[in-house]
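Chemist: Dropping a structure here in structure tokens format, bear with me for questions.
Nothing in this text is a laboratory measurement; each read-out follows from the coordinates by a stated rule. These figures come from a predicted structure and were not determined experimentally. Neighbour counts are summed over all protein chains in view; Cβ atoms, including those assigned to glycine, are modelled from backbone coordinates with ideal geometry.
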Amino acid sequence: MTGVEYLVEQLEQQKFVTKSQIHIAMKMEKNNTDNKVIHFAEWLTKKHTTVIMTLYEQFEEQFYNEEE
């Protein structure tokens, strides 16, 4: 259940929403976003390992060469 779905459910059950319910909905929505980012990173890592390694090597080369 998303944060928005939670708020809709609460609104259907009563005529107002408390600050606590809004806080819960916001927290649920943040967790959903965090989970999407984690799942995307897992998918990306599994599907594109060689691309990630190449990009990391380029980053490392550029970052460490600039510091020296």
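Chemist: As an exercise, identify the trypsin sites (Lys or Arg not before Pro) in the chain lying in DSSP coil whose Cβ has no more than 13 other Cβ atoms within 10 Å.
Modeler: LYS15
Chemist: Same structure, new question: Can you give the relative contact order of the chain as a percent, counting alpha carbon pairs under 8 Å and 6+ residues apart?
Modeler: With pairs under 8 Å counted, the relative contact order is 27 percent.
Chemist: Taking 0.36 nm per residue of separation and subtracting the Cα-Cα distance, what length does fully extending ASN31 through HIS48 add?
Modeler: On the way: separation 17, 0.36 × 17 = 6.12 nm, distance 2.53 nm.
Gain on extension, ASN31 to HIS48, equals 3.6 nm.
Chemist: Each label point is 7 Å from the Cα along the Cα-to-Cβ direction; what then is the distance between the points at PHE63 and THR18, in nm?
Modeler: So the label points at PHE63 and THR18 sit 4.6 nm apart.
Chemist: Quick one: compute a quarter of the convex hull surface over the Cα atoms of the chain and quote it in nm².
Modeler: 7.2
Chemist: Once Lys and Arg get +1 and Asp and Glu get -1 on their Cβ, which of ALA41, ASN31, VAL8 lies farthest toward the positive end of the dipole of the chain?
Modeler: VAL8
Chemist: Only sites in a loop by DSSP and with at most 14 other Cβ atoms within 10 Å count here; which chymotrypsin sites (Phe, Trp or Tyr not before Pro) in the chain make the cut?
Modeler: PHE16
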